[in-house]
Structures are given as structure tokens and as C-alpha cells.
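Input: a single structure, listed below in C-alpha cells.
The values are calculated or read from the model by the stated rules, or taken from the named source; none is laboratory data. Predicted model only: the values in this text are computed from it and were never measured. Backbone-built Cβ (ideal geometry, glycine too); neighbour counts: all protein chains shown.
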Amino acid sequence: MTADQAAGAAAPSFRYAGHGARLAAWVVDIFLMTMVTAALMAVVFASTSGRVDEGALNLFGAMGASIASTLYFPFFWVGTGWTPGMRALGLRVVRERDGGRVGLIPALVRLIGYSIDVLGLFVGFAWILIDRRRRGWHDILAGTVVIRER
């Protein structure tokens, strides 16, 4: 029995988001980030009158994608609890222990967990299929869960 249970506090009851909805939300978010990065690259390319070599443009694109993902996910997780893709599917990321908003440190840990998931040959994402609370490694590291709101 935990201290909260002993004190009479009810454990949060969540409707955990399914893997299909989570994947769809992630695809929407990656698409949006790609479009924003491409638009920024087009603006930079147009402002240089086409005088940027292909290698520099590729480097700028890679840097833009890295910066976009580093800012995009934590910004939304901390601010609203959902990314635009998650919002479209009625999902939200919350603290596992109490269902509260995710803070900056857990959001950054969750983002680092994404990298671990990828380096682990996507096993960390696949973990969602077998975890009873449908958590990926990034969720386990950050102490978060993704819930269905509707």
C-alpha cells in the first residue's frame, strides 16, 4: 500500500491511449514539423537568391529538423499536454502518478527517451504494444502516460 492509498487518496484512473492512435498522432506531428522546416528552408533559399549550395541546404535542413523536434514536442507537452497530432486524436500526455501536467524536465527526459527508442531499433516504441499501461520506454523514463480524453 502506498502512502497516498493509506491516506485515502484515490489513485488516478486513466483510459490509456492505444498504439494506433499514438502512432497516428506522431505521424501528424512529424508531417507538421516537416512542413514547417521545409517552409523555413524555402524562405532562406529564396532570400539568398538561390546562391546556397546543396550541401549547405542539406545541413540547414537537418539542423532545422533537429531544432524543430527539440522545441516542438516539449513546448506542447509542457504547455497543453498535447501536440497538434495528439489533440486531433483526443490524446494527452500526463504525469503517471497523478494525471497532472508534465513539467519541463520530464518533457526533456521524454524527448531524450525518444532518441533511446530509436537507437534501440524502435523497441522502445514497440514496448507500447506489451505494456499494460501502453507506455513506451520514453514514458517509463519520464514517468508519463498518454491518455485518451474522449
Exercise. From the residues in segment 46-70 that are of a type in the set (Gly, Ala, Ser) and outside any helix (DSSP H, G or I), which one is modelled with the lowest pLDDT?
Worked result: GLY50
Problem set entry | Neighbours by Cβ (under 9 Å, 6+ apart or cross-chain): first from segment 88-109, farther than 13 Å from ALA142 by Cβ; second of a type in the set (Ser, Thr, Tyr) and not in a strand (DSSP E or B) | LEU91/THR83; ARG92/THR80; GLY99/SER13
Problem set entry | Of the criteria (1) over 17 Å from the mean Cα position of the chain (by Cα); (2) closer than 16 Å to HIS19 by Cβ, which one MET86 fails | (1)
Exercise. What are the residues in segment 1-42 that are modelled with pLDDT of 90 or more and β-branched (Val, Ile, Thr), if any?
Worked result: VAL27, VAL28, ILE30
